[in-house]
Amino acid sequence: YLEKFINEVNELQANGLLIDGQMFNICIKSFICDRPARALLKSMKGHGGYWACERCEVRGERVERRIIYPIDDSAAERTDESFRQQTNAGHHIGESPLLAIQPPIDMVSTFVLDFMHLVCLGVMKKLLFYWVNNSSKRRLSYSGKILLSDYLVKIQKQIPCEFHRTTRALVEVDRFKAVEFKFILLYAGPVILR
């Protein structure tokens with residue numbers, strides 16, 4: 001499924017790109033894609049797999065219907081060499097077509113971990129759900145939730161037009177998009193959560 005891309009990349013990296021008489025050297029610096037796309041490109045387990053961590057060889061544990069990756073300082077770091085040799089068989093579902101790229105790319109560090117899924121839809125979403133969820137021990141009080149929600153609604157009018165989504169009341173938190181969690185984390189949060 002990537003044969004044409006790999007052939008073109010190999011050609012460009014070997015011979016460069018000539019535009020208006022000027023030669024440009026081409027090399028791959030990184031692949032920036034979300035977790036499902038990285039799993040597809042690298043032929044590895046998806047985010048729900050026990051051996052899915054892309055940076056180390058820690059085995060995930062099932063906790064409350066989810067796979068979590070415990071902090072394990074003894075877990076081996078995943079390297080380009082260990083990836084290519086498939087030393088951790090549980091991590092791979094096949095051989096990545098990207099291994100045919102010449103000169104070879106680092107199959108670990110060339111793939112950037114994405115901010116949207118890890119931080120916005122990961123940590124920030126969990127924190128906000130944790131604070132407003134009625135079953136959480138550290139949840140906000142009812143008055144705290146109302147105050148936070150009111151702040152989010154009040155600042156809507158102050159948000160510049162360059163932001164395509166404005167903030168919403170906390171009653172809609174289960175329908176927030178990644179960009180809304182990002183806005184709270186980076187812009188509104190430092191002001192309203194002080």
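Readers should treat all values here as calculations from the given coordinates under stated rules, not as data from a laboratory. Treat the numbers as computed from the prediction; the structure is a model and nothing was measured. Reconstructed Cβ throughout: ideal geometry from the backbone, glycine too, with neighbour counts over all protein chains shown.
Report ³J(HN,Hα) in whole Hz for each residue of segment 24-39, in order, from the Karplus equation J = 6.51 cos²θ - 1.76 cosθ + 1.60 where θ = phi - 60°; Gly and Pro get x.
Each residue's phi maps through the Karplus curve to give 10, 7, 10, 8, 7, 9, 6, 10, 10, 8, 6, 4, x, 5, 4, 4 Hz.
For segment 115-192, what class follows from the C-alpha gyration tensor (a ≥ b ≥ c being the square roots of its eigenvalues): rounded when a/c is under 1.5, otherwise prolate if a/b is larger than b/c, else oblate? Intermediate results must be reported in sequence, preceding the final value.
Numbers: a/c = 2.04, a/b = 1.22, b/c = 1.67.
Here segment 115-192 falls in the oblate category.
Which label marks the calculated value of log10 I(q)/I(0) by the Debye sum over Cα atoms at q = 0.11, 0.12, 0.15, 0.17 Å⁻¹, given the options (1) -0.54, -0.64, -0.99, -1.24; (2) -0.72, -0.80, -0.99, -1.09; (3) -0.45, -0.54, -0.85, -1.10?
After the calculation, the listed value that fits is (2).
Using a 10 angstrom cutoff on alpha carbons, build the Gaussian network for the chain and name the most mobile of 166, 110, 79.
166
Obtain the nm distance between the two label points defined at residue 177 and residue 133 by a simple spin-label model: each point lies 7 Å from its Cα along the Cα-to-C-beta direction.
The modelled label-to-label distance comes out at 2.5 nm.
Within straight cross-link reach of residue 182, meaning Cα distance under 23 Å, which lysines are found once same-chain residues fewer than 8 apart are removed?
Output for residue 182: 125, 126, 145, 154, 157.
So what's the net charge close to residue 166: Lys and Arg +1, Asp and Glu -1, counting the other residues with Cβ under 15 Å from its Cβ? Show your work: numbers first, answer last.
Working: positive: 154, 157, 165, 168, 175, 177, 182; negative: 150, 162, 172, 180.
Summing Lys and Arg as +1 and Asp and Glu as -1 gives +3.
Whole-Hz ³J(HN,Hα) for each residue in segment 157-172, computed from phi via Karplus 6.51 cos²θ - 1.76 cosθ + 1.60 with θ = phi - 60°, x for glycine and proline: what do you get?
Coupling constants for segment 157-172: 6, 9, 7, x, 5, 5, 8, 6, 10, 9, 7, 10, 5, 5, 5, 9 Hz.
Hey, with R₀ at 30 Å, roughly what FRET efficiency would residue 29 and residue 186 work out to, going by the Cβ-Cβ distance, to 0.05? Write down the numbers at each step before the final one.
Values: r = 25 Å, r/R0 = 0.84.
The calculated FRET efficiency here is 0.75.
What is the extension gain from residue 75 to residue 61, computed as 0.36 nm multiplied by their sequence separation minus the C-alpha to C-alpha distance, in nm to one decimal?
Details: separation 14, 0.36 × 14 = 5.04 nm, distance 1.39 nm.
Stretched out fully, the residue 75 to residue 61 stretch lengthens by 3.7 nm.
Could you give the C-alpha radius of gyration of segment 71-177 expressed as a fraction of 2.2 N^0.38 Å, taking N as the number of residues it contains?
Relative to the rule-of-thumb radius for its length, segment 71-177 sits at 1.65.
Which three semi-axes in whole Å describe the equivalent ellipsoid of segment 1-90, each the square root of 5 times a Cα gyration tensor eigenvalue, listed largest first?
So the equivalent ellipsoid measures 36, 14, 11 Å along its semi-axes.
Using alpha carbon centroids, what distance separates segment 151-172 and segment 7-64, in Å?
Answer, in whole Å: 35.
In nm, to one decimal, how far is the residue 40 label point from the residue 143 one, both placed 7 Å along Cα→Cβ?
5.1
So for the chain: antiparallel DSSP bridges make up what percent, rounded to the nearest 5? Please report the intermediate quantities before stating the final value.
Working: 8 of 10 bridges.
Bridges in the chain that DSSP calls antiparallel: roughly 80 percent.
From the helices alone, meaning DSSP H stretches of at least four residues, give me the mean residue ellipticity at 222 nm for the chain, per-run term -39500 (n - 2.57), in deg cm²/dmol to the nearest 500.
On the way: 7 runs with 58 residues, N = 194.
-8000 deg cm²/dmol, from helical runs alone.
Can you check what the net charge comes to around residue 55, using other residues whose Cβ is under 11 Å from the Cβ of residue 55 (Lys, Arg +1; Asp, Glu -1)? Numbers along the way, then the final one.
Working: positive: 78; negative: 54, 57, 77.
Local net charge: -2.
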